[in-house]
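Let me begin by presenting the structure, written as structure tokens, before commenting on it.
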Amino acid sequence: MGKIEWAMWANEQALASGLILLTGGIVGVAGQFRGWEFAAYAVAAGVFVCLLEYPRSKRAKGTSVERTGQYCFTVCVKAFGPLTRNYYVRAFLHAAICVPGGFMLATVLGCVCLGIASLIYLAAAIRGEHWEPILPRKDVRKPVAESIKNPPQNPPPRPPPEMRRKPAKELESSAYDNPIAVTDE
Amino acid sequence: MAVSLRSWVANEGGKHLVLMLWLGANTWMFLNTFLLYSTGQQYHYLYKMLGVGLCISRASASVLNLNCSLVLLPMCRSLLTFIRGTRAVSSRKTRRLLDKYKTFHVACGVAVCLFSVVHVSAHMVNLVNFSVSYSDDFPALNLARYRGEDPKRIILTTIPGVTGVLLVLILLLMFISSSHCVRVSNYEIFWYTHNLFIVFYIILMVHMVGGALKYQTNVEAHPPGCLKPNQSSTEQRVEDLDRLEDEDVGRCREDARFEPHWPQTWLWVSGPLCLYCVERLYRYIRSSAPVTIVTVVKHPCNVIELRMLKKNFKARPGQYIVLNCPSVSSFENHPFTLTKCPTVNRETFGIHLRVVGDWTERFTQLLLPQPRMDVEILPMVQQRTYPKLYIDGPFGGPSEEVFNYDVSLCVAGGIGVTPFACVLQALLDGWRGFRLQRLYFVWVCRELQSFYWFAELLCALHQKLWQENRPDYFNLKLYVSQAGDLQSMSEERFRPLASRLLVGRPRWKLLLDEIGRSNKQKRVGVFCCGPKGISRTLHKLCNSARSCGTTFEFNKESFS
């Protein structure tokens, strides 16, 4: 019960796969194993996937926690508009990226993980989710209320001066007579 | 706030000791196995073929065995509750260590992931070496079928290879979905992927079948590096010649014979796995009887109190139960702390639950009658049909220890007061039987209305203790953190609360100083159940120096 946001899990999985692909690629290139060109490709692909997946999406319901320093990545990813907003595009993109990784031993794990992430993104896209950037909230200044512009015209209710000044013989009573009775609660 | 050694040792010493022991066990296993494979006579030929990759992979495998067996033990919650309950077995220090079971589980899990990476990398190197250094002298030792076989083919055609790939995939899925943000946003994803552990363990136990690595069985008859009977010494390589001269090995009496290792993982893993399965079965059987809902009370600030009845249900103050309501969701289980335990006189037990999130909302809708606009004036006797409810538990929590200190400080934030409500209820029933001599109770809420959840209980306890001439036993402080208007409880019967109500956030350092001065040279148990900010500040304060010689031991009850 309850709506599960698949995109959050897909994002974590894709980021981890990007890192694994990158590591596998570095190992493949460093060791100059057979098929190291695939490893070089995996390095580039891994970096790309990490950059794409680093900014977290805003959650539909609940608080969204940003990753540290993701603001600049958010701005870059947001600039691509509907390409990055839509999860169908991401699903097919990841599926396409992961295929060359399967040809070399060092990068095969990254390939499979990215494939799983692409499947989860497909599930998220079918459920109708999309990527929302987390932007810092601009504090909307409350529009200045009407009453500020018009200060009160009349002083607070108290009787006019002539009624306030009591005759001398009634000095023991209060300084002025309140038209409204004030009682101690 | 300077960290004082004595306070730090009292608070953190036990945890760090266990951590050191665990690290030491891992290091010892790693080094032991590494040395076995690099210097053992029976592995000599294998070592020559594979190199140091063999030692690293086997050493990390033994560490993996250890951690895979340890990772299950902290999750046997009923067993931990039982250990907590038996006074004779464990001391307060051991029980305090039991609070950290989740951290230990996470530490073992991270170790499994880390050493899996090491293990997989070392085996990749081994595969390349199996293929490149295909041995013609000892064909039985080879895993590859011919020299230069593609390592990918070796992976896909041997049992260890295929099972290894599956294990890594499952492990990765489990690890990634147990990250903090996935757990917080969608607990179900974490729960369902984590339950793949059973597949993981089954595959782990067959991982070694097939015998990829073999050891030599006849070391006496064929000392490694000896000369073959029809070989002359000039055909030997230089280093062998030097060694032969040193060791005077001589001729081999027979050819080397190799046998694969029998799988050892099941020795390590089957014990904890059986224990865990038995525990789950026990919990399932125990929770199969539905509970009867006796009363449902609505409290201010979105809190519902639920009173229930179940046969043979026993609980101690500070424990929690897990609720499952099939009408709301068949698979979701939610933990709630008990606010009232069953006693000899009254067998009902109760929880207070705050309506936050979709499960609690739906659950409350099923429990409470819906306000209908067209309700008739005449009161109708309606048969209230409550939904079927199953509970699992009770499970132990840190707040059970409140009674085992001379002086305790309980700090509650908002709905975090629930474990302490049970403690106060137990004190109301009979406060003389416990070791506890003084209880400080600090409750911080955002709104004034929240205090009405337990206002009667607090006043009743206060009244009882004053009448029995122990006014210093229960010291209450209530704080309302958000200053609004009308901040006072005007009812006459809640006068003790109104006079102890303060507006604003509490100042913890001053509070702890005051408690320290009144209880010199004592050990005060601090129990915190509330938001992270409060618990972090209190933890730091408990670790810092105290001028009056009082030690504060910090115990935290976590929500999730």
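In plain terms, the chain from B:TRP8 to B:TRP191 could stretch by 62.4 nm, reckoned as 0.36 nm per residue minus the Cα-Cα distance. Note on the stretch A:1-82: with neighbouring protein chains present and a 1.4 Å probe, carbon and sulfur make up 72 percent of its accessible heavy-atom surface.
Helix B:358-367 and the longest principal axis of the C-alpha atoms of chain B enclose an angle of approximately 50°.
Counting only protein heavy atoms, what percent of the accessible surface of chain B is carbon or sulfur at a 1.4 Å probe? On chain B, the fraction of accessible area on carbon and sulfur atoms equals 60 percent. Computed about its Cα centre, the charge dipole of the protein assembly as shown is approximately 2320 debye, with only Lys, Arg, Asp and Glu carrying charge at their Cβ. Using protein chains only (no ligands, no nucleic acids) and a 1.4 Å probe, work out which residues of the stretch A:83-115 have their accessible area cut by at least 40 Å² relative to the chain alone. Listed by number, the residues meeting the 40 Å² cut-off are A:LEU105, A:LEU109. For the stretch A:49-112, the convex hull drawn through the C-alpha positions has a volume of 113 cubic angstrom per residue.
Computed over the Cα atoms of the protein assembly as shown, pair by distinct pair, the Kirkwood hydrodynamic radius stands at 31.8 angstrom.
Against the criterion of solvent-accessible heavy-atom surface with a 1.4 angstrom probe, B:ILE391, B:ILE534, B:ILE83 sort, most first, into B:ILE83, B:ILE534, B:ILE391. For the stretch B:77-132, list log₁₀ I(q)/I(0) at each q in 0.18 Å⁻¹, using the Debye formula over Cα point scatterers of equal strength and ignoring solvent, two decimals each. For the stretch B:77-132, the Cα-only Debye profile gives -0.70.
Rounded to the nearest 10 degrees, the angle from helix B:418-429 to the longest Cα principal axis of chain B is 60 degrees. The candidates B:TRP508, A:TRP131, B:TRP466, B:TRP28, arranged from most to least accessible area with a 1.4 Å probe in the full protein assembly, appear as B:TRP28, B:TRP466, B:TRP508, A:TRP131. Ordered from longest to shortest, the equivalent ellipsoid semi-axes for the stretch B:1-110 are 37, 18, 11 Å, each the square root of 5 times a Cα gyration tensor eigenvalue.
Pairs of Cα atoms nearer than 8 Å and 6+ residues apart set the relative contact order; for chain B it is 13 percent. Per residue, chain B exposes 51 Å² of accessible surface when a 1.4 Å probe is rolled over the protein heavy atoms with every protein chain present.
Normalised radius of gyration (Cα atoms, divided by 2.2 N^0.38 Å) for chain B: 1.30.
Ligands, DNA and RNA aside, B:MET124 has an accessible area near 60 Å² when probed at 1.4 Å. The gain in end-to-end length when the B:LYS464 to B:VAL106 segment is fully stretched comes to 124.4 nm, 0.36 nm per residue minus the alpha carbon separation.
Say the dipole of chain B comes from +1 at the beta carbon of Lys and Arg and -1 at that of Asp and Glu; which of B:VAL407, B:VAL162, B:PRO224 then lies farthest toward its positive end? The residue sitting most towards the positive pole is B:VAL407. Helices in chain B, meaning DSSP H runs of at least 4 residues, each add -39500 (n - 2.57). Divided by all residues, the mean residue ellipticity at 222 nm is -14500 deg cm²/dmol. Placing +1 on the Cβ of every Lys and Arg and -1 on the Cβ of every Asp and Glu, with nothing else charged, gives chain B a dipole about its Cα centre of roughly 2440 debye.
Summarised in one figure, the compactness ratio Rg/Rh of the stretch B:389-455, Cα atoms and Kirkwood Rh, is 1.00. In terms of overall dimensions, the C-alpha atoms belonging to the stretch B:432-560 reach 41, 36, 29 Å along their principal axes, ordered largest to smallest.
Accessible surface buried at the A:B interface totals approximately 2000 Å², computed with a 1.4 Å probe on protein heavy atoms.
Under the convention that each Lys and Arg Cβ holds +1 and each Asp and Glu Cβ holds -1, the size of the dipole of the stretch B:384-530 around its Cα centre is about 320 debye. Computed from Cα positions, the angle between helix B:5-39 and the longest principal axis of chain B comes to roughly 20 degrees. Counting only the heavy atoms of the protein chains, how much of B:TYR187 is accessible to a 1.4 Å probe, in Å² to the nearest 10? Its heavy atoms expose roughly 110 Å² to the probe.
Of all DSSP beta bridges in chain B, what percent run antiparallel (nearest 5)? Among the beta bridges of chain B, antiparallel pairing accounts for roughly 50 percent.
The values are calculated or read from the model by the stated rules, or taken from the named source; none is laboratory data. Worth saying up front: this structure is predicted, and the values here are computed from it rather than measured. Note that we place each Cβ from the backbone using ideal geometry, even for glycine, and neighbour counts take in every protein chain shown. Side chains included, ligands, DNA and RNA excluded: accessible areas come from the protein's heavy atoms. Shrake-Rupley method; radii C 1.70, N 1.55, O 1.52, S 1.80 Å.
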